[in-house]
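Participant: One structure, as structure tokens, below. Some questions next.
The values are calculated or read from the model by the stated rules, or taken from the named source; none is laboratory data. Quick caveat: nothing in here was measured; it's all calculated off a predicted structure. Please note: Cβ atoms are built from the backbone with ideal geometry, for glycine as well, and neighbour counts cover all protein chains shown. Accessible surface areas use protein heavy atoms only, side chains included; no ligands, DNA or RNA. Shrake-Rupley method; radii C 1.70, N 1.55, O 1.52, S 1.80 Å.
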Amino acid sequence: MPTEKLSTITSTCVPLPSENVDTDQIIPARYLKSISRKGFGRNLFRDWRYDNEGKIKKDFVLNDSRYSGSILVAGKNFGTGSSREHAAWAIKDYGFRVVVSSAFADIFCNNALNNGLLALEVTEKFLEDLFERISRDPSTEVRVDLKEQYISVLPVGVPEKFEISPFRKECLLNGYDNVDYLLSIRDKIAEYENFSR
Amino acid sequence: MALTSVTYYSILFNNSNTIKLSKKTIFDKIWDNHVVCTLKGGTDVLYIDRHYIHEVTSPQAFEGLRLRGTGVFRPGRTTATADHNVPTKDQHLPLKDKLGREQLEKLEENCLEHGIMHFGLNTPYNGIVHVIGPELGITRPGMTIVCGDSHTSTHGAFGTIAFGIGTSEVEMVLASQAILQNRPGKMRINVEGIPGEGVTAKDMILHIISKVSTNGASGYFVEFAGSAIENLSMESRMAICNMSIEMGARGGIVAPDEVTFAYMKGRPYAPKGKDWDSALEFWKSLPTDNDAEFDMELFFKAKDVQPMVTWGTNPGMGTEITGKIPLERKIDCGSIASFRKALEYMNFSPGEKLEGKEIDYVFLGSCTNGRMEDFRAFASLVKGRRKSDRVTAWIVPGSKQVEKQCREEGITAILEEAGFEMRQPGCSACLAMNDDKVPEGKYAIATSNRNFEGRQGPGSRTILGSPLTAAAAAITGKLTDPRKI
Ligand code: SF4
């Protein structure tokens with residue numbers, strides 16, 4: 001199904017400086033027992049947000065009223081671990097449109113992009129500076145321009161270029177859906193089957 | 001349906017298998033063979049030979065097909081099993097957990113509707129997806145294989161390009177038998193020589209990950225090669241490829257050889273007769289050509305590997321069982337902040353010895369170490385000894401076939417005599433979606449593949465190790481060097 005289009009976003013950020021945040025933290029396995037794609041945002045970072053009795057853990061960033069916005073800024077190697085797309089669904093469902101990190105796990109990155117969630121890779125230096133700016137001033141805004149492929153910290157930050165495959169960029173900008181595309185080339189795939197098998 | 005959008009993508013090359021490079025890696029050979037066409041920016045439409053599905057990551061994909069009003073393109077290329085949230089006791093009874101039961105029912109219903117082969121609960125070929133695929137001969141050299149589970153990398157042991165995908169991609173494969181992929185980089189990890197006694201494939205891969213780190217192979221597909229790999233059984237090669245994902249790799253691969261062919265022969269779904277002969281000829285053409293180039297190459301010596309355990313909250317945080325948790329100034333597995341966070345979670349201190357730490361739970365099983373070889377190893381140590389009273393053990397075969405063979409070989413009897421209970425197959429405490437959960441604050445030694453925070457239940461503390469190391473801990477109730485038993 002076509003996803004929401006994404007081009008530019010200006011927003012405050014939610015900082016999560018931990019490295020190697022794995023998919024079991026993003027959404028624990030016991031919350032995967034659903035047959036629909038909806039409602040996973042409720043359990044995003046479940047065990048960091050709530051204690052075993054379901055009480056809110058005050059010191060976790062999602063429970064900190066100073067931070068909000070549609071950009072999640074995360075430490076290096078975000079989304080490592082399982083292939084569960086529920087992780088991307090949960091982040092999107094919670095309200096994020098962009099995740100910024102200096103490295104993403106491969107499968108997570110694909111899952112995010114397939115759901116119109118931009119996994120935006122920046123340099124470690126940029127990430128470090130960004131964390132610092134946000135911690136100094138939680139109202140710091142960041143602008144992401146997908147078309148021109150840059151990210152900048154407002155109002156004065158130096159825009160940083162980021163890489164994204166042209167194909168992925170096309171999909172996000174237009175909300176294209178890859179299943180529809182593959183369905184449209186089934187003939188070509190059948191031809192491949194005949195030719196190579 | 002927004003079919004207008006699809007005409008937009010321009011196709012750059014068709015069937016790039018017509019481009020012949022002189023020196024190719026096994027990865028190149030298989031990948032090139034499966035490119036239907038290439039889109040702008042280099043993304044390939046990759047044909048998928050074999051697709052495995054299970055109850056947790058497939059329902060939303062079938063739902064997507066339904067909403068689009070389309071069916072499964074090649075149902076014969078998909079195989080289903082129920083494994084992730086099944087109980088390991090009383091499988092003949094309906095699942096108590098309503099949501100889990102719904103997932104199993106949905107899987108059955110979807111497979112029936114679309115004509116997909118389904119090894120459901122209580123059928124003789126049921127088991128963990130990455131155990132049954134190879135065991136039944138459905139996984140074969142030279143294939144592209146995907147599944148909505150990251151440990152699909154396991155199948156790489158057969159000389160396949162196998163990797164985990166998300167649910168959107170499951171839907172792509174169901175809809176078209178193809179997915180969109182960017183070609184990963186190529187890495188080769190060479191392990192030479194003969195490992196010491198009591199050292200298993202699990203120790204080798206934990207050793208490698210502890211050096212490479214949990215994301216050190218990000219963006220690469222890793223070929224494992226060298227005499228130490230060649231000398232491994234198929235089941236050991238599977239354990240190695242299984243955990244390639246734990247260093248961030250897209251997958252692992254081992255070139256097929258006589259060991260592979262001997263394992264394949266006679267499996268229920270393996271080719272037979274003339275088909276076998278032609279398959280064999282093709283398989284023999286797969287190994288990496290001499291002088292083929294890799295983007296990165298690493299070298300290890302098998303004799304440097306000792307029985308390994310993890311002390312932190314990712315698989316890269318590991319060391320020899322006789323070793324110590326590193327000191328803060330000596331860590332090479334990430335930042336000091338993540339080191340401290342991991343130790344706080346585990347309630348360990350820098351510089352502490354690992355041997356002798358008390359263990360509450362033991363888990364033998366999973367797609368990493370839930371096969372015959374693992375059960376034989378575990379039983380070899382516990383034979384004639386008793387399970388420690390302080391330990392709760394979950395002994396979970398990877399499949400119905402493993403369960404059956406354990407009974408036939410007398411392994412079940414040995415385990416029961418030692419005070420263990422044989423459970424029924426499934427993923428079990430590997431991800432604790434069923435009732436097999438380690439309670440908060442308790443220590444488990446697990447033969448599975450992930451020691452993430454809460455992986456085995458909220459607040460659980462997981463130490464990864466080999467089946468031998470798990471057996472030693474099960475007997476003594478403490479982390480114990482298996483070579484000393
Ligand atoms: S045993 Fe664990 S890693 Fe393997 S398929 Fe099951 S959940 Fe995934």
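Participant: Looking at the structure I just gave you, is residue B:464 in contact (Cβ under 8 Å) with a residue 60 or more places away in the chain, of a type outside the set (Asp, Glu), touching a strand residue (DSSP E or B) at 6+ places or on another chain (Cβ under 8 Å) and crowded, with 24+ Cβ neighbours inside 10 Å? Let's see the steps before the verdict.
Facilitator: On the way: in contact (Cβ under 8 Å) with a residue 60 or more places away in the chain: yes; of a type outside the set (Asp, Glu): yes; touching a strand residue (DSSP E or B) at 6+ places or on another chain (Cβ under 8 Å): yes; crowded, with 24+ Cβ neighbours inside 10 Å: yes.
Yes.
Participant: Using the structure shown, decide if residue B:331 is open to solvent by 40 Å² or more (accessible area, probe 1.4 Å), within 14 Å of chain A (Cβ to nearest Cβ), free of Cβ contacts under 8 Å to residues at least 12 places away in the same chain and in contact with a helix residue (DSSP H, G or I) (Cβ under 8 Å, 6 or more places away or on another chain).
Facilitator: Numbers: open to solvent by 40 Å² or more (accessible area, probe 1.4 Å): no; within 14 Å of chain A (Cβ to nearest Cβ): yes; free of Cβ contacts under 8 Å to residues at least 12 places away in the same chain: yes; in contact with a helix residue (DSSP H, G or I) (Cβ under 8 Å, 6 or more places away or on another chain): yes.
Judged against the criteria, residue B:331 is not a match.
Participant: Moving to a separate point now. Could we say that residue B:154 is within 16 Å of the ligand (Cβ to nearest atom), assigned to a loop (DSSP other than H, G, I, E, B) and modelled with pLDDT of 95 or more here?
Facilitator: Details: within 16 Å of the ligand (Cβ to nearest atom): yes; assigned to a loop (DSSP other than H, G, I, E, B): no; modelled with pLDDT of 95 or more: yes.
Taking the combined requirement at face value, the residue does not satisfy it.
Participant: Can you tell me which of B:166, B:133 is open to solvent by less than 10 Å² (accessible area, probe 1.4 Å), on the phi < 0 side of the Ramachandran plot and at pLDDT below 95?
Facilitator: Numbers: B:133 fails: at pLDDT below 95.
Every option except B:166 fails the conditions.
Participant: Which of the residues belonging to segment B:137-149 are more than 14 Å from chain A (Cβ to nearest Cβ) and within 16 Å of the ligand (Cβ to nearest atom)? Give the derivation first.
Facilitator: Residues of segment B:137-149 more than 14 Å from chain A (Cβ to nearest Cβ): B:137-139, B:141.
Within segment B:137-149, B:138, B:139 meet the criteria.
Participant: Of B:191, B:131, which residue is in a helix (DSSP H, G or I), more than 13 Å from chain A (Cβ to nearest Cβ), touching a Lys or Arg at 6+ places or on another chain (Cβ under 8 Å) and β-branched (Val, Ile, Thr)? Steps first, answer last, please.
Facilitator: On the way: B:191 fails: in a helix (DSSP H, G or I).
Result of the check over B:191, B:131: B:131.
Participant: Please indicate, with yes or no, whether at least one residue in segment A:83-105 is within 16 Å of the ligand (Cβ to nearest atom), among the polar types (S, T, N, Q) and open to solvent by less than 20 Å² (accessible area, probe 1.4 Å).
Facilitator: Filtering segment A:83-105 down to residues within 16 Å of the ligand (Cβ to nearest atom) leaves A:83-87, A:105.
Right, trim to among the polar types (S, T, N, Q) and you get A:83.
Those left that are additionally open to solvent by less than 20 Å² (accessible area, probe 1.4 Å): A:83.
Yes, segment A:83-105 has at least one match.
Participant: Within the bounds of segment A:33-41, is there any residue that is crowded, with 20+ Cβ neighbours inside 10 Å, away from the ligand (no atom under 16 Å from the Cβ), part of a loop (DSSP other than H, G, I, E, B) and not basic (Lys, Arg)? Quick ask: steps written out before the conclusion?
Facilitator: Filtering segment A:33-41 down to residues crowded, with 20+ Cβ neighbours inside 10 Å leaves A:37, A:40.
From the residues that got through so far, the ones that are away from the ligand (no atom under 16 Å from the Cβ) too are A:37, A:40.
Next cut, part of a loop (DSSP other than H, G, I, E, B) only: A:37.
This time we only want the ones that are not basic (Lys, Arg), so: none.
No.
Participant: Sticking with this one: Looking at B:118, B:84, B:54 in this structure, which one is within 13 Å of chain A (Cβ to nearest Cβ) and touching a strand residue (DSSP E or B) at 6+ places or on another chain (Cβ under 9 Å)? Give the steps one after another, and end with the answer.
Facilitator: Numbers: B:118 fails: within 13 Å of chain A (Cβ to nearest Cβ); B:84 fails: touching a strand residue (DSSP E or B) at 6+ places or on another chain (Cβ under 9 Å).
The unique qualifying residue is B:54.
Participant: Another question, if that's okay. Could you say which residue among B:308, B:346, B:372, B:317 is under 27 Å from the mean Cα position of the chain (by Cα) and either surrounded by fewer than 21 Cβ atoms within 10 Å (Cβ to Cβ) or more than 21 Å from residue B:463 (Cβ to Cβ) (or both)? Write out each step before concluding.
Facilitator: On the way: B:308 fails: either surrounded by fewer than 21 Cβ atoms within 10 Å (Cβ to Cβ) or more than 21 Å from residue B:463 (Cβ to Cβ) (or both); B:346 fails: either surrounded by fewer than 21 Cβ atoms within 10 Å (Cβ to Cβ) or more than 21 Å from residue B:463 (Cβ to Cβ) (or both); B:317 fails: either surrounded by fewer than 21 Cβ atoms within 10 Å (Cβ to Cβ) or more than 21 Å from residue B:463 (Cβ to Cβ) (or both).
Exactly one residue qualifies, and that residue is B:372.
Participant: Any idea which of (1) in a helix (DSSP H, G or I); (2) within 16 Å of the ligand (Cβ to nearest atom) is the one residue B:87 doesn't satisfy?
Facilitator: (1)
Participant: Condition first: open to solvent by 20 Å² or more (accessible area, probe 1.4 Å), free of Cβ contacts under 8 Å to residues at least 60 places away in the same chain and outside the structural domain of residue B:246 (by TED's automatic domain parsing). Can you find one or more residues in segment B:352-369 that meet it?
Facilitator: yes
Participant: Confirm whether residue B:330 is on the phi < 0 side of the Ramachandran plot and modelled with pLDDT of 95 or more. Before the answer, list the steps.
Facilitator: On the way: on the phi < 0 side of the Ramachandran plot: yes; modelled with pLDDT of 95 or more: no.
Spelling it out, it is not the case that residue B:330 is on the phi < 0 side of the Ramachandran plot and modelled with pLDDT of 95 or more.
Participant: Hey, among A:188, A:125, which residue is in a helix (DSSP H, G or I) and either over 22 Å from the mean Cα position of the chain (by Cα) or within 14 Å of another protein chain (Cβ to nearest Cβ) (or both)? Full working, then the answer.
Facilitator: Working: A:125 fails: either over 22 Å from the mean Cα position of the chain (by Cα) or within 14 Å of another protein chain (Cβ to nearest Cβ) (or both).
Going through A:188, A:125 in turn, just one is in a helix (DSSP H, G or I) and either over 22 Å from the mean Cα position of the chain (by Cα) or within 14 Å of another protein chain (Cβ to nearest Cβ) (or both): A:188.
Participant: While we're looking at this one, here's another question. Just need a number here: residues in segment B:90-113 that are open to solvent by less than 70 Å² (accessible area, probe 1.4 Å), assigned to a helix (DSSP H, G or I) and in contact with a Leu (Cβ under 8 Å, 6 or more places away or on another chain). Please lay out each step first, then the result.
Facilitator: Within segment B:90-113, the subset open to solvent by less than 70 Å² (accessible area, probe 1.4 Å) is B:91, B:95, B:97, B:100, B:102-104, B:106-107, B:110-111.
Next, only the ones that are assigned to a helix (DSSP H, G or I) stay: B:100, B:102-104, B:106-107, B:110-111.
Now narrow it down to the ones that are in contact with a Leu (Cβ under 8 Å, 6 or more places away or on another chain): B:104.
The total comes to 1.
Participant: Evaluate the following for residue B:401: is it away from every other protein chain (no Cβ under 14 Å), open to solvent by 10 Å² or more (accessible area, probe 1.4 Å), within 16 Å of the ligand (Cβ to nearest atom) and of a type in the set (S, T, N, Q)? Steps first, answer last, please.
Facilitator: Numbers: away from every other protein chain (no Cβ under 14 Å): yes; open to solvent by 10 Å² or more (accessible area, probe 1.4 Å): yes; within 16 Å of the ligand (Cβ to nearest atom): yes; of a type in the set (S, T, N, Q): yes.
It is true that residue B:401 is away from every other protein chain (no Cβ under 14 Å), open to solvent by 10 Å² or more (accessible area, probe 1.4 Å), within 16 Å of the ligand (Cβ to nearest atom) and of a type in the set (S, T, N, Q).
Participant: If only one of B:420, B:452 is modelled with pLDDT of 95 or more, closer than 18 Å to residue A:27 by Cβ and not hydroxyl-bearing (Ser, Thr, Tyr), which one is it? Outline the logic, then answer.
Facilitator: Details: B:420 fails: closer than 18 Å to residue A:27 by Cβ.
Going through B:420, B:452 in turn, just one is modelled with pLDDT of 95 or more, closer than 18 Å to residue A:27 by Cβ and not hydroxyl-bearing (Ser, Thr, Tyr): B:452.
Yes or no, residue by residue, for (1) within 16 Å of the ligand (Cβ to nearest atom); (2) surrounded by fewer than 21 Cβ atoms within 10 Å (Cβ to Cβ); (3) within 14 Å of chain A (Cβ to nearest Cβ):
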position	(1), (2), (3)
B:382	no, no, no
B:460	yes, no, yes
B:478	no, yes, no
B:482	no, no, no
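Participant: Report, by residue number, each residue of segment B:231-262 that is at negative phi and without any contact (Cβ under 8 Å) to a residue 40 or more places away in the chain.
Facilitator: B:231, B:232, B:257, B:258, B:259, B:261, B:262
Participant: Return only the number of the condition from (1) more than 14 Å from every other protein chain (Cβ to nearest Cβ); (2) within 15 Å of the ligand (Cβ to nearest atom); (3) surrounded by 24 or more Cβ atoms within 10 Å (Cβ to Cβ) that residue B:423 does not satisfy.
Facilitator: Residue B:423 satisfies every listed condition except (3).
Participant: Taking residue B:388 and the conditions (1) among the polar types (S, T, N, Q); (2) open to solvent by less than 30 Å² (accessible area, probe 1.4 Å); (3) away from the ligand (no atom under 16 Å from the Cβ); (4) more than 22 Å from residue B:481 (Cβ to Cβ), which numbered condition does it fall short on, given that it satisfies the others?
Facilitator: That leaves (4) as the condition not met.
Participant: Determine which member of the set A:134, A:151 is farther than 24 Å from residue B:180 by Cβ, touching a Phe, Trp or Tyr at 6+ places or on another chain (Cβ under 7 Å) and either in a helix (DSSP H, G or I) or open to solvent by less than 30 Å² (accessible area, probe 1.4 Å) (or both).
Facilitator: Values: A:134 fails: touching a Phe, Trp or Tyr at 6+ places or on another chain (Cβ under 7 Å).
After ruling out the rest, the residue left standing is A:151.
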